1. Can you name the residue in region 32-77 that is of a type outside the set (A, V, I, L, M, F, W, C) and in contact with a Ser or Thr (Cβ under 6 Å, 6 or more places away or on another chain) and is also surrounded by the fewest Cβ atoms within 10 Å (Cβ to Cβ) among such residues?
2. Would region 31-52 turn up any residue that is closer than 21 Å to residue 389 by Cβ, hydroxyl-bearing (Ser, Thr, Tyr) and modelled with pLDDT under 95?
3. Which one is farthest from residue 339 (Cα to Cα), of the residues in region 354-376 that are aliphatic (A, V, I, L, M) and surrounded by fewer than 21 Cβ atoms within 10 Å (Cβ to Cβ)?
4. What tally of residues in region 146-188 results from selecting those that are in contact with an Asp or Glu (Cβ under 7 Å, 6 or more places away or on another chain) and under 23 Å from residue 121 (Cβ atoms)?
5. Within region 78-171, which strands (runs of 3 or more DSSP E) (wholly inside it) include 3 or more residues that are surrounded by fewer than 21 Cβ atoms within 10 Å (Cβ to Cβ) and within 19 Å of the chain's Cα centre (by Cα)?
6. Please specify each residue of region 310-341 satisfying the condition of being of a type outside the set (Ser, Thr, Tyr), in a helix (DSSP H, G or I) and either touching a Gly at 6+ places or on another chain (Cβ under 8 Å) or free of Cβ contacts under 8 Å to residues at least 40 places away in the same chain (or both).
7. Do we have any residue at all in region 309-316 that's of a type outside the set (Val, Ile, Thr), buried (at least 18 other Cβ atoms within 10 Å of the Cβ), within 30 Å of residue 211 (Cα to Cα) and not assigned by TED's automatic domain parsing to the domain that holds residue 388?
Amino acid sequence: MREESKTKHQQRLSIVSDNPPGFRRVPRTGVIYVMHRAAQQGFAYGDPEWANLGQGMPETGELPGAPPRIEQLTIDPRAQEYSPITGQIELRQKVADLYNTLYRQGKASQYTWRNVSIAGGGRVALTRLAAALGNINMGHFLPDYTAYEELLSVFKAFIPIPILLDPDEGYQVSLGHLRREIQGRGLQALLASNPCNPTGQLVEGERLRLWVQMVRELGCSLILDEFYSHYIYTGQLYGNRINGEQGDEQSLLQPPRMVSAAAYVEDVNEDPVILVDGLTKNWRYPGWRISWTLGPEAVIGAIASAGSFLDGGPNNPFQSQVLELLEPENVYRETAAIQSCFREKRDYMLGRLRAMGIRTDAEPGGTFYVWANLADLPAPLNDGLTFFKAGLQEKVITVPGIFFDVNPEQRRAQGRYGNYARISFGPSMSELMRGLDALERVVSPNRPPRID
């Protein structure tokens, strides 16, 4: 059977090879699949001819106004030993202090190190949480982060329940609808990325406060992946200098806007709100693989037990290096620089895509992705998988929308996002321009696509 004649779900499964005895089929996540295919076409990291608009990674170099990047590390010989499963207490307290400063000033209930667990990246933190869940129904949204699919498949204790987000409603869900989903389906946990990967939509302000109030009332744990919570483009975009002149590296910043449900938690040990973040996106250190989970002490204890058999603990030498990164002034400066730089790239990408006939159902208010609707392109480029393959011929990488149709164990027969692609504006402006030039060649009416 030719690949073109297979269903979208069959195409997703066809990327795995035959299994040795006793092993199940483990599909690659969407990003791993596209990077694998790109490598087969000659892609290599750092190749100046390619533009990687697929992988969810921000540019990691210097940004105007941001703190200097860490270029050298000094390792304490004692850090060659294993880390505690939940991380070093000094770092855990530093994370707690940061959240108290950013979101909880004046509140009676404050986070302490006992409310924090350190892990080896976001997937590890989420896997610990999944392993600690009981026999429950857990809600998740469509579309959402591709890695959630295997995360929701591999642990059999809970049943994942999808909640569809409608493009006609800007990929938002009303409080009433969400309440009915929780009550009607008996959800005891809800997993979401906020801002959302891939749509860039976010829940903030009063809406987020009502979400926290609702899960408190209904007894439903809210697990929020907040890895993009500093990439905010709504309202005031970035902080203003309140001391010194523009360009004065020592001047303080009026805090830029950041979004976290931590601001609306009443009691840090009673409210069922669990937050996951780390250095990968908001600090632009993806290779460090340092993340944290914030939540009630009972949850931290449960995921510590899960971590003891899943991963054995986070990277030990790097943890002491993180402390300075979490100083509030450094966080303000980094966030202000991110919002200024990435807002410019977002607006540039949206304009270029519109000119190509590629639209967005809702402009991203956060993250560094455009959830691109390809439906207006001529066939076959209006299909995300075909669009991706055609892009490889021009040395540009995107991610087909089908991979964000989170479908654990392929329980649903119908897919929904065949006409979509996630296109990242995470790379530098020069790489972004190169990639959009390549996409322009892909959709040029004077050049039929070449698809291998």
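The values are calculated or read from the model by the stated rules, or taken from the named source; none is laboratory data. None of the values given here were measured: they were computed from a predicted structure. Glycine gets a Cβ as well: all are built from the backbone with ideal geometry, and neighbour counts include every protein chain shown.
1. 59
2. We begin by selecting, within region 31-52, every residue closer than 21 Å to residue 389 by Cβ; these are 31-45, 47, 49-52.
Then keep just the ones that are hydroxyl-bearing (Ser, Thr, Tyr); that gives 33, 45.
Now narrow it down to the ones that are modelled with pLDDT under 95: 33, 45.
Within region 31-52, one or more residues are closer than 21 Å to residue 389 by Cβ, hydroxyl-bearing (Ser, Thr, Tyr) and modelled with pLDDT under 95.
3. 375
4. 1
5. Values: elements: 116-119, 137-142, 159-164.
Because the criterion is at least 3 residues that are surrounded by fewer than 21 Cβ atoms within 10 Å (Cβ to Cβ) and within 19 Å of the chain's Cα centre (by Cα), the strands (runs of 3 or more DSSP E) in region 78-171 that meet it are 159-164.
6. 319, 324, 333, 336, 337
7. No, that holds for no residue.
Residues checked against (1) modelled with pLDDT under 95; (2) in contact with a strand residue (DSSP E or B) (Cβ under 7 Å, 6 or more places away or on another chain):
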residue	(1), (2)
390	no, no
402	yes, no
414	yes, no
422	no, yes
